[in-house]
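Colleague: The following block contains the structure, expressed as structure tokens.
The values are calculated or read from the model by the stated rules, or taken from the named source; none is laboratory data. Since the model is a prediction, treat every value here as computed from it, not as a measurement. Note: ideal-geometry Cβ built from the backbone for every residue, glycine included; neighbour counts use all protein chains shown. All accessible areas refer to the heavy atoms of the entire protein, side chains included, with ligands and DNA or RNA removed. Shrake-Rupley method; radii C 1.70, N 1.55, O 1.52, S 1.80 Å.
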Amino acid sequence: MITAQIIQNSIDELSAITRVQLSVMDLKGKVVAATAEAPKFEGSFISDFAASQVDSQVIGGMHLLKIMDEGDLSYILLAKGQGEDAYMVGKICVSQLQNLIVAYKERYDRNNFFQNLLLDNLLLIDIYNRAKKLRIDVNVPRVIIIVETKAGRDSGAAELLGSMYTSGSGDYVTAVDETSVILIKALKSGETYEEIAGVATTIVDMMNTEAMLDVRVSYGTIVGEIKDLSKSYKEAKMALDVGKIFYAEKRVIAYNMLGIGRLIYQLPVNLCKVFIDEIFGDREIPENLDEETLNTINKFFENNLNVSETSRQLFVHRNTLVYRIEKLEKATGLDIRTFDEALTFKIALMVLNYMKYVDSGRF
């Protein structure tokens with residue numbers, strides 16, 4: 001939980017201000033951190049002091065004090081300086097380190113709690129009991145936001161996210177795998193998905209400018225109770241996967257905006273194959289079409305099947321566009337100028353992308 005480096009930083013700052021030399025030892029007499037060369041003591045001397053009933057002891061101008069962790073002895077502090085000042089500084093250092101131990105243990109416990117909560121590893125009664133013990137409000141509206149970097153989970157991403165959203169405001173940052181960082185975002189009453197989208201966009205921009213990271217962000221639905229956070233997490237995970245398949249160009253993906261992609265994602269692969277066979281039979285399927293034709297189709301869909309606007313944006317004559325569409329109809333049997341067949345073709349394209357994603361082994 002609390003590391004030797006954190007202890008070292010703490011006593012360094014205090015020693016620099018007070019000019020009292022401080023050392024922290026474990027219960028066997030091994031030096032954990034020190035501001036100068038630690039005094040030489042027999043290991044048995046430290047262990048004897050640890051086993052004694054006294055809280056402090058003075059040996060040749062050296063003050064020994066006990067550092068407790070909720071009633072249990074954790075470390076021994078040695079303070080060396082002039083007169084009573086050393087003792088006073090030692091007591092201040094003990095108080096500071098004890099508070100740090102509690103704070104970091106609570107942080108670890110909260111992290112462990114949220115990890116198990118998101119993974120559905122807690123019973124309902126345990127959720128509320130542990131939340132109460134950790135002083136976590138159970139009825140605050142929250143949403144899960146997942147931040148994924150291309151190179152897997154990055155410590156810089158976790159640190160930056162932790163500095164942007166702190167537990168003081170009710171937000172928590174954790175992780176349950178090696179590919180992403182999770183923000184458990186607390187919401188104010190009345191906040192909507194529009195505000196969440198703004199938060200997600202801010203994260204993308206900050207990760208890019210501050211940490212030089214290309215990230216993809218997804219989020220689930222808002223939940224009113226802490227017990228439902230696992231639901232929002234699963235939705236955010238699905239949004240991340242569906243976004244990679246159908247909306248690769250987007251950096252922010254919301255579960256409630258997945259549309260038909262969410263339905264296709266949950267279809268069995270064998271059913272998808274049957275669908276493709278029924279639509280195209282022995283004809284040419286869209287994935288075998290050349291890039292120019294696919295680009296024409298996508299632009300045609302973007303412009304709501306408007307031939308004039310599509311030809312203008314593609315810088316081609318209207319007749320050229322009509323020729324390409326008729327050529328596509330001969331190849332696939334679908335006339336995308338009609339709404340029903342355009343819809344069928346669009347769904348077929350999405351199904352093919354999903355099947356390709358599954359075959360790649362990333363599913």
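Colleague: Based on the mean of other Cβ atoms within 10 Å per residue, sort peptides 48-60, 117-129, 175-187 so the most packed one is first.
Modeller: Put in order of decreasing packing, that is 175-187, 117-129, 48-60.
Colleague: Just report the Cα centroid separation between segment 217-260 and segment 336-354, whole Å.
Modeller: Cα centres, segment 217-260 to segment 336-354: 24 Å.
Colleague: For the chain, with all protein chains present and a 1.4 Å probe, just round the carbon and sulfur fraction of the accessible area to a whole percent.
Modeller: Here it works out to 51 percent.
Colleague: In whole Hz, what ³J(HN,Hα) sequence does segment 222-231 give by Karplus (6.51, -1.76, 1.60; θ = phi - 60°), x for Gly and Pro?
Modeller: So the J values, rounded to whole Hz, are 6, 10, x, 10, 5, 5, 9, 5, 4, 5.
Colleague: Just report the Cα centroid separation between segment 141-191 and segment 284-303, whole Å.
Modeller: 38 Å
Colleague: Once amide H atoms are built 1.01 Å from N in the peptide plane, which residues 5 or more positions from ARG251, or in another chain, come under 5 Å H to H?
Modeller: none
Colleague: Here's a follow-up. For segment 293-363, which trypsin sites (Lys or Arg not before Pro) are both in a DSSP coil and crowded by at most 13 other Cβ atoms within 10 Å?
Modeller: ARG362
Colleague: Round to a whole angstrom and tell me the spacing of the C-alpha centers of segment 100-134 and segment 20-61.
Modeller: Between the Cα centre of segment 100-134 and that of segment 20-61, the gap is 34 Å.
Colleague: Can you give the angle from 0 to 90° between the axis of helix 155-164 and the longest principal axis of the chain, with both taken from C-alpha atoms, to the nearest 10?
Modeller: Helix 155-164 sits roughly 80 degrees off the main axis of the chain.
Colleague: OK, next. Rounding to the nearest 10 and keeping the result within 0 to 90°, find how far the Cα-based axis of helix 318-332 lies from the longest principal axis of the chain.
Modeller: Rounded to the nearest ten degrees, it is 80.
Colleague: Can you classify segment 132-285 as rounded, prolate or oblate using the Cα gyration tensor, where a ≥ b ≥ c are the square roots of its eigenvalues, rounded means a/c under 1.5, and otherwise it's prolate if a/b beats b/c and oblate if not?
Modeller: Judged from the Cα gyration tensor, segment 132-285 comes out prolate (a/c at least 1.5, a/b above b/c).
Colleague: Let me make sure I get this right: for segment 251-304, a, b and c are the square roots of the gyration tensor eigenvalues over alpha carbons, sorted descending. Under 1.5 in a/c it's rounded, otherwise prolate if a/b > b/c, else oblate. Which is it?
Modeller: Oblate is the answer for segment 251-304, as a/c is 1.5 or above yet b/c matches or exceeds a/b.
Colleague: Let me ask something else. Only four residue types carry charge here, +1 at the Cβ of Lys and Arg and -1 at the Cβ of Asp and Glu. Report the dipole size of segment 251-363 about the Cα centre in Debye, rounded to the nearest 20.
Modeller: 420 debye
Colleague: Stretched out fully, how many nm does the piece from THR320 to ASP359 gain, at 0.36 nm a residue minus the Cα gap?
Modeller: 10.5 nm
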